[in-house]
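**Student:** Take this structure first; my questions come after.
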Amino acid sequence: TQTLDLAVIPGDGIGPEVTAEALKVLRKALDGEDVEVKETHYSLGAQHWLTTGETLPDDVLDDLRGRDAILFGAVGAAPGDTRIPSGLIERELLLKLRFTLDHCVNLRPSRLYAGVGSPLAAPGEIDFIVVREGTEGPYVGNGGALRTGTPHEIATEVSVNTAYGVERVVRDAFRRASQRLRKKVTLVHKHNVLVHAGHLWKRTVEAVAAEFPEVEHDYLHVDAATIFLVTDPGRFDVIVTDNLFGDILTDLAGAVTGGIGLAASGNINLDRAAPSMFEPVHGSAPDIAGQQKADPTAAILSAALLLDHVGQGDAVFAAAAARIEAAVKADVEFRIVGEQRTTAHIGDAIAARL
Ligand code: NAD
Ligand code: IPM
Ligand code: MN
């Protein structure tokens, strides 16, 4: 019997609601297989901080390191909640996990499933992945403020891009592209303005491309990329980009493929030296939290990405992941516009198709 030792961080808002459904589906997908699923739940997030003052204690982080993978819901307070400084939980919990566990590749697939309504008039076929850099860029917190609150205030957020960090992500993007049908990488950046980082990314893509002669590559400035994501999303196969551009593009990608409630992601530690973490692209959605209104599909598809990752090379896990994707595909195909299924109802329906 194999053991799948999962860390579960449900978090805040709709996080616990969608995570419950993801676990329900994951367990069902492995039902009857020779795999024992072990879950350890961690109370972390904005609510946890309010009651304990803790964000991510060292002993919890150490404990997480020993697990096979982390299933993460969502964290964060409502924008109007003045009890919690904006960015505290995001920086000290979510980003700290991504940075400490070296989640250098933030993998965000975008696919328009049959039957799913896109806000685009002519979406065409959409099936691409975004390989978003996950541990560098402006997210590192390298910034500061001078003369705060005065008319002479200066605030900086410095984007850090290292050859090491850029290269491993670019190589991963090419590797993934080489295994796909269209074998195409699009670098998205802004090297006409951000010349230092932009040129590092551009040179790296050109160097790595030489190792993958079967993969074609092109380039778009990020502003133009947003145009094509709306007018011609079918042109994309693998997008590789930095942490901040990737954040913005993947919410847009989620929206054009039927809504943020379907967008899954994996924060990948490429050398498997620490557990990778899987989470929906969306946040804690305070506006609908606690009402069973959230779509758990993004969390469920994140669980499929988790199985695919932990089971790399193992047919049992790969098959379970594929079954989840097929069940989601079948469920979304017959969704009725304006239907009122609860979060649990959608999870049950997908589980029932396994
Ligand atoms: P959000 O993604 O939480 O919500 C944006 C909009 O999408 C809201 O109208 C929400 O109701 C809707 N939505 C989100 N997920 C949905 C789902 N599964 N089904 C149906 N509708 C859904 O983004 P926000 O409002 O900018 O952020 C809220 C909080 O979440 C903030 O504190 C933010 O920092 C945090 N956040 C956390 C994560 C994360 O934990 N990974 C990601 C993004 C935002
Ligand atoms: C995401 C979120 C996070 C990010 C925030 C909450 C730190 O928006 O996962 O997309 O910017 O990466
Ligand atoms: Mn985001």
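Read the figures in this text as sums done on the coordinates, not as results from a lab. Being a predicted model, the structure only gives us computed values, none of them experimental. Because the Cβ atoms are built from the backbone with ideal geometry, glycine has one as well, and the counts that use them run over all protein chains shown.
**Student:** Which value, in debye to the nearest 20, describes the size of the charge dipole of the range 198-267 about its Cα centre when Lys and Arg Cβ atoms bear +1, Asp and Glu Cβ atoms bear -1, and nothing else is charged?
**Tutor:** Values: 3 positive and 11 negative charges, 26 e Å.
It works out to roughly 120 debye.
**Student:** Using the crude model of +1 on Lys and Arg Cβ and -1 on Asp and Glu Cβ, and no other charge, please compute the dipole size for the chain relative to its Cα centre, in debye to 20.
**Tutor:** Details: 33 positive and 49 negative charges, 124 e Å.
The dipole of the chain has a size of about 600 debye.
**Student:** Counting only C-alpha contacts under 8 Å and six or more residues apart, can you give the relative contact order of the range 118-257 as a whole percent?
**Tutor:** Values: 235 pairs, mean separation 54.2, N = 140.
Averaging sequence separation for qualifying contacts and normalising by length gives 39 percent for the range 118-257.
**Student:** Measure out, as a whole number of angstrom, how far apart the alpha-carbon centroids of the range 98-146 and the range 157-214 sit.
**Tutor:** 15 Å
**Student:** Let me ask something else about it. For the range 196-354, what does the relative contact order come out to in percent, with C-alpha contacts under 8 Å and a separation of six or more? Mind dumping the intermediate values first?
**Tutor:** On the way: 138 pairs, mean separation 24.8, N = 159.
The normalised contact order for the range 196-354 reaches 16 percent.
**Student:** A further question on this structure: What are the membrane-span-like helices in the chain by this rule: whole DSSP H runs, Cα extent along the axis at least 15 Å, mean Kyte-Doolittle hydropathy at least 0.5?
**Tutor:** Values: long enough: 15-30 (22 Å, 0.20); 163-178 (22 Å, -0.42); 195-209 (20 Å, 0.10); 243-256 (20 Å, 1.04); 297-310 (20 Å, 1.64); 315-333 (27 Å, 0.91).
Helices passing the filter in the chain: 243-256, 297-310, 315-333.
**Student:** Then there's this: If the chain between residue 163 and residue 273 were fully stretched, how many nm would it gain, using 0.36 nm times the residue separation less the Cα-Cα distance? Each step should come with its number before you reach the end.
**Tutor:** Working: separation 110, 0.36 × 110 = 39.60 nm, distance 2.04 nm.
That pair, residue 163 and residue 273, stretches by 37.6 nm at full extension.
**Student:** At 222 nm, what helix-only mean residue ellipticity would the chain give, in deg cm²/dmol to the nearest 500, using -39500 (n - 2.57) for each DSSP H run of four or more? If you can, show how the numbers build up before the last one.
**Tutor:** Numbers: 11 runs with 134 residues, N = 354.
Here the helix-only value at 222 nm equals -12000 deg cm²/dmol.
**Student:** Give me the one-decimal nm value for the distance between modelled label points at residue 314 and residue 59, 7 Å along each residue's Cα-to-Cβ direction.
**Tutor:** 2.9 nm
**Student:** With r as the distance between the Cβ atoms of residue 199 and residue 5 and R0 = 41 Å, compute the FRET efficiency 1/(1 + (r/R0)^6) and round to 0.05. Write down the numbers at each step before the final one.
**Tutor:** Values: r = 43 Å, r/R0 = 1.04.
Using R0 = 41 Å, I get an efficiency of 0.45.
**Student:** Let me ask another. In terms of the Cα gyration tensor, with a ≥ b ≥ c the square roots of its eigenvalues, is the chain rounded because a/c is under 1.5, prolate because a/b exceeds b/c, or oblate?
**Tutor:** Numbers: a/c = 1.37, a/b = 1.11, b/c = 1.23.
It comes out rounded by the Cα gyration axes.
**Student:** Stretched out fully, how many nm does the piece from residue 154 to residue 43 gain, at 0.36 nm a residue minus the Cα gap?
**Tutor:** Numbers: separation 111, 0.36 × 111 = 39.96 nm, distance 3.72 nm.
Extending this stretch completely gives an extra 36.2 nm.
**Student:** Determine the gain in length on full extension of the stretch residue 34-residue 352; use 0.36 nm per residue of separation and subtract their C-alpha separation, reporting nm with one decimal.
**Tutor:** Details: separation 318, 0.36 × 318 = 114.48 nm, distance 2.02 nm.
That pair, residue 34 and residue 352, stretches by 112.5 nm at full extension.
**Student:** Taking 8 Å as the Cα distance limit and 6 or more residues as the minimum spacing, I'd like the relative contact order of the range 8-52 as a percentage. Before the final figure, lay out each step's value.
**Tutor:** On the way: 24 pairs, mean separation 29.1, N = 45.
Averaging sequence separation for qualifying contacts and normalising by length gives 65 percent for the range 8-52.
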